[in-house]
Amino acid sequence: MKNYNLKLKIVRFFFVFLTFNFSFLTLNLSQALAIEMNSSQYRIQMSNVNIGAASQLQSDNGNLLSDTLGQTAAGQFSSDGYILKAGFQYIHSIVPFSFAISNININFGEVTPGLPLTATTDLTVSFGGGGEYQVTVNELGKLKTAVGNNYINDTCCDLGCSDPGKCTETAAAVWNLNTTTGFGYKMSGEDIPTTFTTCGPTCYRPFPDTSIPEDPAIIMSSPNVTVDLSSKPKDIYHQSTMTLKLNISDIQPAGTYQTVLNFMATPSY
Amino acid sequence: MKVQSSKFKVQSYSLKFKVFKLFFVLLIFNFSLLTFHLSEANAQQVSLAISPPLLELVIKPGKSVLIAYKLENRADPLIASAKVLPFRPQGNLGNIKIEKEFEGPIRFNLDNSEIKFEQPFFMKSGDVLQLLVRIRVPEGSPEGDYYYTLLTETQPPPSVAGSSAGRAKATIGSNILITVSDSGRIDVKGKIALFDVLAKLKLKILGRVFNFFESSDKIPVVLVVGNQGNNLIKPQGSINLRGNFGEQANYQIISQNILSNSERLTLATPSAELNCQDKKPSDYCKQPVSLLLSGFFIGHYTLSANVSFGQSTPNLYASTSFIALPLKLIFGIVIALFIGLLIVKKFTKTDED
């Protein structure tokens, strides 16, 4: 009887152990996201595509334009009254222009005077066709509190705002000192402005402010076609990292400071 | 009776034990389900793709066309909106500056039933939308070029209370180049604005400028083509390299658009490649070039550019030259000779002593 009970206990223990393992191994599998369900060979689309009716696809002179719907390849059609070319005519590629930001909520948490904080976000541009592109950034106003009119100035870097060698919206300068306050950023990686590569890894510059107004600053650009016309495609992914830096002085009023950064990626022409 | 009662107690105890075990297993199961199946706490991302990235249209006044753009959301769900704004070329590297306000005679509408310009729409992860953009040129629109960008911008994430942050919104664009022409005739007025080599050593001798290079250096060539007409043009042609020993090489110009009243650095291929991501990037990375020649050059070389803008258009011609000398080799030989002479002199002196 005792032997039977022991066997039963062992069986039960194994049952519990197996259940635990099963649940751990089965339910902890990574998610099969819909976005991964495609390749160069197939694509599973579940979105509703608004295909136009025939009447919608007629041009003013009565010619059917149905073959333009969903057109992604470089091509040309002509008709009375217009000639249309889609894509870059010197390259035959259907890879679209894409832009990604790895973190759109760039959080600094609690800010302490004299202790600079940094946060990063990655920018990725993919372009299988022409390859020429630019990414610009600007801030929609300074970092400011939702209530009241308190704001954090854009940084002038270590030399200070009165020095001609200060960092500007186009030129980076060294920001090493903990006594230097303000809000700024630096870039590293591919296709970044030369001011960051020549100045060094501790160089920052302020964001252009649309409320002043100032023109957006180019943070990534490539004048080179990313495809070797004579052979295989080159690297079509261009990635850079933006490091944002924030530091405040002792007299900065307490509060939560926020702003919106506008990243704009456009292909060339 | 007592035996039966104790038997019943044992059975009841066993039942309770079974129920307890069942609950225990159920709890482990739920615990593992809830604990290990939590999704990763990833940062909120945005990733948009648009196709086609460029549209060129030559159209008569009074006509309209319908274009289907494909917009894809490759990251987290988002709220976005679409609009069209004019742009103008900035610099000569193909960059653009988007204007703040809409202007020009061209009319843009979305033919989608559920989406309108400047009205927010929702996209799930992996969603692919077709934006049916109707481009209409009203009767009487002035002839000329009009340049626009179809922009799709996301809304920034909601603010997090109690935390200072920069909230990002992403905008992706696709350029639309429209030439309005009643006759279909294009105004071609191109010129070669600059054709030169970027030499580190330039010497002016008897009124002529000589470009000097070290033989093993890469030769950066710059070709800037200007457009003084009212319509965009596409340069065609080649850059030709001819050496003093009769050697030749030909590099085709990439037919990129040059917008009206602007200039553009024209690229040629194949060209030498540079790695500009190094900690100490090459000097050539500081300034974009049309063509980078690599090899071992000795003597006088002539570079010529032949540019045309399609059939029945005049050919433009420009040339430049450079002299390549093996300066490093010569310097090395001179140093070696100098050291050799010193040694010989020293040995001669020792022998005399």
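Would you point out the residue of region B:295-307, among those that are open to solvent by 20 Å² or more (accessible area, probe 1.4 Å) and in contact (Cβ under 8 Å) with a residue 24 or more places away in the chain, that is nearest to the chain's Cα centre (by Cα)? Break it down into steps so the answer makes sense when it comes.
Looking only at region B:295-307, we keep the residues that are open to solvent by 20 Å² or more (accessible area, probe 1.4 Å), and these are B:295-296, B:298, B:300, B:302, B:306.
In the following step, the residues that additionally are in contact (Cβ under 8 Å) with a residue 24 or more places away in the chain were identified as B:296, B:298, B:300, B:302, B:306.
Details: B:Phe296: 31, B:Ile298: 35, B:His300: 35, B:Thr302: 31, B:Asn306: 26 Å.
Applying the filter and picking the extreme gives B:Asn306.
Of everything in region B:44-59, what is touching an Asp or Glu at 6+ places or on another chain (Cβ under 6 Å) and either modelled with pLDDT under 90 or more than 30 Å from B:Val160 (Cα to Cα) (or both)? Give them in sequence order. Talk me through it step by step, then tell me what you get.
Going residue by residue through region B:44-59, those that are touching an Asp or Glu at 6+ places or on another chain (Cβ under 6 Å) are B:44-45, B:49.
B:Gln44 - this is the single residue of region B:44-59 that is touching an Asp or Glu at 6+ places or on another chain (Cβ under 6 Å) and either modelled with pLDDT under 90 or more than 30 Å from B:Val160 (Cα to Cα) (or both).
A quick yes/no check of all residues on (1) more than 11 Å from chain B (Cβ to nearest Cβ); (2) part of a strand (DSSP E or B); (3) closer than 23 Å to B:Ala75 by Cα:
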{"position": "A:Ile106", "(1), (2), (3)": "no, yes, yes"}
{"position": "A:Val125", "(1), (2), (3)": "no, yes, yes"}
{"position": "A:Asn149", "(1), (2), (3)": "yes, no, no"}
{"position": "A:Gly165", "(1), (2), (3)": "yes, no, no"}
{"position": "A:Thr197", "(1), (2), (3)": "no, no, no"}
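Residue check: is A:Ile212 farther than 15 Å from A:Leu159 by Cβ, open to solvent by 40 Å² or more (accessible area, probe 1.4 Å) and in a strand (DSSP E or B)? Spell out how you get there, then give the answer.
Numbers: farther than 15 Å from A:Leu159 by Cβ: yes; open to solvent by 40 Å² or more (accessible area, probe 1.4 Å): yes; in a strand (DSSP E or B): no.
Against the criterion (farther than 15 Å from A:Leu159 by Cβ, open to solvent by 40 Å² or more (accessible area, probe 1.4 Å) and in a strand (DSSP E or B)), A:Ile212 does not qualify.
If I go through region A:247-259 residue by residue, how many of them are open to solvent by less than 20 Å² (accessible area, probe 1.4 Å) and at the interface with chain B (Cβ under 7 Å from one of its Cβ atoms)?
2
Any idea which residue in region B:105-147 is nearest to B:Lys169 (Cα to Cα), counting only those that are among the acidic types (Asp, Glu) and under 26 Å from the mean Cα position of the chain (by Cα)? Please lay out each step first, then the result.
Keep residues of region B:105-147 that are among the acidic types (Asp, Glu), which gives B:111, B:114, B:118, B:127, B:139, B:143, B:145.
Within this subset, residues satisfying the condition of being under 26 Å from the mean Cα position of the chain (by Cα) are B:127, B:145.
On the way: B:Asp127: 18, B:Asp145: 31 Å.
Only one residue tops the list, namely B:Asp127.
Can you name the residue in region B:171-197 that is within 16 Å of B:Leu57 (Cβ to Cβ) and of a type in the set (A, V, I, L, M) and, of all such residues, is nearest to the other protein chains (Cβ to nearest Cβ)?
The residue in question is B:Leu177.
Which condition number in (1) at the interface with chain A (Cβ under 9 Å from one of its Cβ atoms); (2) in contact (Cβ under 8 Å) with a residue 40 or more places away in the chain; (3) of a type outside the set (Lys, Arg); (4) open to solvent by 60 Å² or more (accessible area, probe 1.4 Å) is the one that B:Ser159 fails?
It fails just one condition, (2).
Does B:Asp182 meet the test of being on the phi < 0 side of the Ramachandran plot, of a type in the set (D, E, K, R) and open to solvent by less than 50 Å² (accessible area, probe 1.4 Å)?
Working: on the phi < 0 side of the Ramachandran plot: yes; of a type in the set (D, E, K, R): yes; open to solvent by less than 50 Å² (accessible area, probe 1.4 Å): no.
Answer is no for this residue.
Identify all residues within region A:120-175 that are under 20 Å from the mean Cα position of the chain (by Cα), of a type in the set (A, V, I, L, M) and crowded, with 22+ Cβ neighbours inside 10 Å; write none if there are none.
A:Leu123, A:Val125, A:Val135
Determine which member of the set B:Asn227, B:Asn240 is buried (at least 19 other Cβ atoms within 10 Å of the Cβ) and at negative phi. Explain how you work it out, then say what you get.
Numbers: B:Asn240 fails: buried (at least 19 other Cβ atoms within 10 Å of the Cβ).
After ruling out the rest, the residue left standing is B:Asn227.
Looking at (1) in contact with a Gly (Cβ under 9 Å, 6 or more places away or on another chain); (2) open to solvent by 10 Å² or more (accessible area, probe 1.4 Å); (3) more than 13 Å from chain A (Cβ to nearest Cβ), which is the one condition that is false for B:Leu203?
(1)
Filter the strands (runs of 3 or more DSSP E) completely within region B:43-153 down to those with at least 1 residues that are open to solvent by 50 Å² or more (accessible area, probe 1.4 Å).
Working: elements: B:46-51, B:54-59, B:64-73, B:78-90, B:95-98, B:107-110, B:121-123, B:128-136.
Passing ranges, in order: B:64-73, B:78-90, B:107-110, B:121-123, B:128-136.
Only residues that are touching a residue at least 12 places away in the same chain (Cβ under 8 Å) and either open to solvent by less than 40 Å² (accessible area, probe 1.4 Å) or in contact with a Pro (Cβ under 7 Å, 6 or more places away or on another chain) (or both): list them for region A:103-115, please.
A:Asn103, A:Ile104, A:Ile106, A:Phe108, A:Val111, A:Gly114
Could you figure out which of (1) loosely packed, with under 14 Cβ neighbours inside 10 Å; (2) at pLDDT 65 or above isn't true of B:Gln256?
In the conditions (1) loosely packed, with under 14 Cβ neighbours inside 10 Å; (2) at pLDDT 65 or above, B:Gln256 misses (1) alone.
The values are calculated or read from the model by the stated rules, or taken from the named source; none is laboratory data. Quick caveat, the model's predicted, so the values are computed rather than measured. Quick reminder, even Gly has a Cβ in these numbers, built from the backbone with ideal geometry, and neighbours come from all protein chains shown. Only protein heavy atoms, including side chains, enter the accessible area calculation; ligands, DNA and RNA are left aside. Shrake-Rupley method; radii C 1.70, N 1.55, O 1.52, S 1.80 Å.
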